[in-house]
Structures are given as structure tokens and as C-alpha cells.
Amino acid sequence: MEAETAMAEQPGHRVKLRNGMDLSCVVCRNDSFHEREWQLNTAGMSFFNLDFLNRSAICYICAECRYIHWFNL
């Protein structure tokens, strides 16, 4: 909840993709995002308490509608 409150208080920023294009939200076409990294947990690694070995993804959360855009790191 604290992260959501912090995001609501801060303005988002524009994101430039690897191909040089600007990211725009697929839902509302907004071009302002908040950035966050999420860990991609799997059942097997969680069962053995090895969550830290799972891969991560970079996510851009639309500052307008909050749709989450996932990208592989």
C-alpha cells in the first residue's frame, strides 16, 4: 500500500523503448509511467525457499489508468 500511495503522489515519466519509440499505454494511450521491478516467482523455487534465484521483470505502470506493462530483463 505504501508504494501505491507514493506512486499517486509522484508524477510519472516518459519511457523510451529499445527500438527508440516512446511507450504509450495500450489501454488509455497515456505516455506517463511509474517504473518498478517485480520478481517472477515460481512454485518450485518457492517450495525450496529459493525465491531469490527467480528472474525479475521491469514493469511500467500507467500513471493514468494503472495498467501494468511487463518487460523481460
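At full extension, residue 32 and residue 70 could sit 12.2 nm farther apart than now, given 0.36 nm per residue minus the alpha carbon distance. Taken one residue at a time, the phi angles of the stretch 14-24 give Karplus couplings (6.51, -1.76, 1.60, θ = phi - 60°) of 7, 10, 9, 7, 4, 7, x, 7, 7, 6, 10 Hz. Gly and Pro are set to x.
Rounded to the nearest 20, the size of the Cβ-charge dipole of the chain about its Cα centre is 320 debye, with Lys and Arg at +1 and Asp and Glu at -1. With the charge dipole of the stretch 2-72 set up from +1 on Lys and Arg Cβ and -1 on Asp and Glu Cβ about the Cα centre, the Cα lying farthest toward the positive end among the listed residues 43, 61, 23 is that of 23.
If contacts are Cα pairs under 8 angstrom and at least 6 residues apart, what is the relative contact order of the stretch 26-67 in percent?
Working: 52 pairs, mean separation 22.4, N = 42.
The value is 53 percent.
Full extension of the chain between residue 50 and residue 22 yields a length gain of 6.5 nm, computed as 0.36 nm times the residue separation minus the alpha carbon distance. Taking amide H positions as modeled 1.01 Å from N, with prolines and chain starts lacking one, the residues under 5 Å from residue 15 and 5 or more places away or on another chain are 23.
Using alpha-carbon pairs under 8 Å, 6+ residues apart, how would you state the relative contact order of the stretch 2-72 in percent? All intermediate terms of the calculation are to be shown ahead of the outcome.
Details: 106 pairs, mean separation 19.8, N = 71.
In percent, rounded to a whole number, it is 28.
Over the chain, DSSP H runs of length four or greater, each weighted -39,500 (n - 2.57), average out per residue to a 222 nm ellipticity of -4500 deg cm²/dmol.
Bear in mind that the values in this text are calculations on the coordinates, not laboratory data. Just so you know, these numbers come straight off a predicted model, no measurement behind them. As a convention, Cβ positions derive from the backbone with ideal geometry for all residues, glycine included, and neighbour counts pool all protein chains shown.
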